[in-house]
Amino acid sequence: MCYLYFFNGWTFWTLADPTNGSVDYVDESTGRSNGLVEVNSDGNAIMRVETTGTVSSNRQSIRITTESTYDGVLVIMDSVHMPTGCGTWPAWWSNGPNWPIGGEIDIVEGVNDYTNNQATVHTDIGCSLTSSNANVLNITGTVVGGTNCAAAQTSNQGCGVRSPSDVSFGAAFNNNGGGVYAMNWDDDGIKVYFWPNGSVPSDVDAGTPVPDRWGTPMANWPSTACNSSKYFYQHSFIFDTTLCGDWAGGAWSSSGIPGQEQSCATRTGYSSCEAFVRAKGASFNEAYWEIKSVKFYKLK
C-alpha cells in the first residue's frame with residue numbers, strides 16, 4: 001500500500017506524549033496551517049517540528065499512525081531526511097494493543113546527534129534474544145542493553161541492536177541522501193535491514209522485494225526465543241518526533257556515543273533539554289521527516 005496522497009490511511013495523534021516529551025502533537029488541519037505537514041513538489045511527505053523562536057512550554061510536532069493493523073508483514077520505508085539535532089527523538093516504529101502485551105518494534109530510532117540507528121523490541125515477559133553475539137544471531141549490528149526484551153523487567157529498555165553504519169541515522173543519513181529501511185516480520189522472527197542511498201537492492205527499487213536475497217540483516221529477533229506471533233500482533237505503524245522526554249532528555253548530558261562525542265549540554269550551553277527546546281526554535285530547522293514512500297507487502 002503506497003498512497004498517492006501520503007497521509008490518506010494515517011491518523012494524527014493529538015494526545016499527550018507518552019514518553020514525556022516537550023511536544024504538543026497536533027491534528028492534520030493545525031499541522032497544515034502551521035506549516036508542519038505537507039506533501040512537497042517531489043511528492044514526498046514532510047512532517048516538521050515547530051521552529052518558532054521562543055515558546056513558553058512545548059513545541060508543536062506531528063505523530064501519525066496507520067489506520068490498518070498488521071499481523072506479520074514486510075514493510076519498506078524510503079526516506080531522504082529524518083529529524084536530527086540536540087533535543088530531537090524521532091522514531092519510525094510499530095505497536096500492538098495493551099502495551100507492552102502486543103509488542104513494540106522500533107525500526108528507526110535515536111536521539112540528539114546520534115549517527116547510528118538503534119532498532120529495538122519491547123515485549124511482554126518471556127521474550128528474549130537467543131544470544132548477544134552478532135555471529136550467533138547472524139546480524140551486522142551490535143546488541144545493546146542485554147537480551148531480555150520484556151519491558152517490565154528492563155525498565156522499558158527492551159533488547160536493542162545498534163547499526164554498524166554511521167550513515168544510518170541523523171545528519172549523516174541526511175547528508176548521504178537518506179536510505180531505505182525494511183522490516184520483515186514472519187514466522188521465523190523479525191528482521192531489520194538498512195541500505196544507504198545508492199546501495200538499495202534492485203528488487204526493492206523495482207517494488208518486487210525478495211528478502212531471501214538481501215543477505216545478513218542489521219537486526220534479528222528469532223522466534224526460537226521470542227515467538228513472533230505470540231509477542232507481536234495487531235500492529236499499527238507510527239512516525240513521530242518528540243523532543244527531550246525519557247531518552248533525548250535523559251541522554252542530554254551524555255557523551256561518547258557515535259555522533260554525540262560531546263554532550264548536548266556542553267554543545268548548547270544549556271543544562272537542561274527542556275530549556276533549550278523552549279529558547280532555540282531555529283535549532284529545529286533540521287527536525288523534519290521527508291518520506292518518499294512506505295510500502296506494505298503481504299507475506300507469501
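The values are calculated or read from the model by the stated rules, or taken from the named source; none is laboratory data. Everything numeric here is computed off the predicted structure, so don't read it as measured data. Don't worry about glycine lacking a Cβ; one is built from the backbone with ideal geometry, like all the others, and counts go over all protein chains shown.
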Inset, instruction - Spot the failing condition for Gly256; the list is (1) on the phi > 0 side of the Ramachandran plot; (2) touching a helix residue (DSSP H, G or I) at 6+ places or on another chain (Cβ under 9 Å), and only one is missed. - result: (2)
Legend entry - Single match in Trp10, Trp93 (criterion: over 25 Å from Cys159 (Cβ atoms) and modelled with pLDDT of 95 or more): Trp10
Legend entry - Pick from the range 1-16, criterion aliphatic (A, V, I, L, M) and under 30 Å from Thr208 (Cα atoms), ranking: surrounded by the most Cβ atoms within 10 Å (Cβ to Cβ): Met1
Inset, instruction - Scan the range 51-70 for residues that are more than 30 Å from Thr266 (Cβ to Cβ) and either surrounded by fewer than 20 Cβ atoms within 10 Å (Cβ to Cβ) or more than 18 Å from the chain's Cα centre (by Cα) (or both) and jot them down. - result: Thr65, Thr66, Glu67, Ser68, Thr69
Inset, instruction - Mind listing whichever residues of the range 37-50 are more than 19 Å from Ala248 (Cβ to Cβ), in contact with an Asp or Glu (Cβ under 9 Å, 6 or more places away or on another chain) and surrounded by 13 or more Cβ atoms within 10 Å (Cβ to Cβ)? - result: Val37, Asn44, Ala45, Ile46
Inset, instruction - Would you mention how many residues in the range 92-137 are under 22 Å from Gly170 (Cα atoms) and assigned to a loop (DSSP other than H, G, I, E, B)? - result: 8
Legend entry - Answer from Val111, Val80, Val144, Val73 - the residue that is among the hydrophobic types (A, V, I, L, M, F, W, C), crowded, with 17+ Cβ neighbours inside 10 Å and out of contact with any helix residue (DSSP H, G or I) (no Cβ under 9 Å at 6 or more places or on another chain): Val73
Legend entry - Test: Asn117 is crowded, with 18+ Cβ neighbours inside 10 Å, in contact with a strand residue (DSSP E or B) (Cβ under 7 Å, 6 or more places away or on another chain) and not charged (D, E, K, R): yes
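Looking at this structure, is Arg59 touching an Asp or Glu at 6+ places or on another chain (Cβ under 9 Å) and farther than 29 Å from Val200 by Cα? I'd like the intermediate steps shown before the answer.
Details: touching an Asp or Glu at 6+ places or on another chain (Cβ under 9 Å): yes; farther than 29 Å from Val200 by Cα: yes.
Yes; evaluated as a whole, the condition is true for this residue.
Which residues, counting only those in the range 71-90, are in a loop (DSSP other than H, G, I, E, B) and either among the polar types (S, T, N, Q) or modelled with pLDDT under 95 (or both)? Give the derivation first.
Applying the first criterion (in a loop (DSSP other than H, G, I, E, B)) to the range 71-90 yields 71-72, 82-87.
Selection gives Thr84 alone.
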Legend entry - Selected residue [in contact with a Ser or Thr (Cβ under 9 Å, 6 or more places away or on another chain), among the polar types (S, T, N, Q) and either more than 22 Å from Val111 (Cα to Cα) or exposed (fewer than 14 other Cβ atoms within 10 Å of the Cβ) (or both)] from Thr19, Thr30: Thr30
Legend entry - Residues being over 15 Å from the mean Cα position of the chain (by Cα), closer than 20 Å to Glu286 by Cβ and either free of Cβ contacts under 8 Å to residues at least 12 places away in the same chain or not in a strand (DSSP E or B) (or both) - total across the range 246-264: 9
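Select, from Ala150, Ala171, the only residue that is of a type in the set (A, V, I, L, M), closer than 19 Å to Asn220 by Cβ, in contact with a Ser or Thr (Cβ under 7 Å, 6 or more places away or on another chain) and surrounded by fewer than 22 Cβ atoms within 10 Å (Cβ to Cβ). Write out each step before concluding.
Working: Ala171 fails: closer than 19 Å to Asn220 by Cβ.
Testing whether each residue is of a type in the set (A, V, I, L, M), closer than 19 Å to Asn220 by Cβ, in contact with a Ser or Thr (Cβ under 7 Å, 6 or more places away or on another chain) and surrounded by fewer than 22 Cβ atoms within 10 Å (Cβ to Cβ) leaves just Ala150.
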